[in-house]
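Single-structure report; data block below.
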Amino acid sequence: MAPHWWALRIIAAFEDRIIAAILRQPGFHRAVGRIHRSVHEMQHGRNPHEPLAPGEATADPMAASRRQSFFKHFVQELKNQAKGKPTE
């Protein structure tokens with residue numbers, strides 16, 4: 001048999017133990033919970049009864065667009081430098 005078949009047999013033999021070990025980890029459940037919460041918020045919107053995260057009430061709502069405009073500006077600067085035009 002090819003070596004990868006032996007590896008698959010070994011993994012299949014320990015599959016139950018591997019899954020049980022992963023499911024015992026609290027970090028795994030936290031990660032799954034965060035993914036579930038973010039997908040649920042994307043589909044249904046934020047729960048208005050849930051408390052705000054620290055700094056969320058004062059966060060800039062335009063931060064995402066500001067990041068995009070910075071990236072566009074950065075790319076434009078790189079293009080200008082490649083062409084040899086200084087930006088004033």
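Below are the figures for this structure:
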| read-out | value |
| --- | --- |
| For the chain: rounded, prolate or oblate by the Cα gyration tensor [a/c cutoff 1.5] | oblate |
| Residue of Q43, Q76, Q25 that the Gaussian network model of the chain assigns the largest fluctuation, springs spanning Cα pairs under 10 Å | Q76 |
| Two-site FRET efficiency, K72 against F28, from Cβ-Cβ distance with R₀ of 30 Å, rounded to 0.05 | 0.20 |
| Of all accessible heavy-atom area on the chain, the percent that carbon and sulfur account for (1.4 Å) | 63 percent |
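The values are calculated or read from the model by the stated rules, or taken from the named source; none is laboratory data. Computed from a prediction, not measured in an experiment: that's the story for all the values here. A quick note on method: Cβ atoms are made from the backbone with ideal geometry, for glycine too, and the neighbour counts reach across all protein chains shown. Just so you know, the surface numbers come from the protein's heavy atoms only, side chains and all, with ligands and any DNA or RNA stripped out. Shrake-Rupley method; radii C 1.70, N 1.55, O 1.52, S 1.80 Å.
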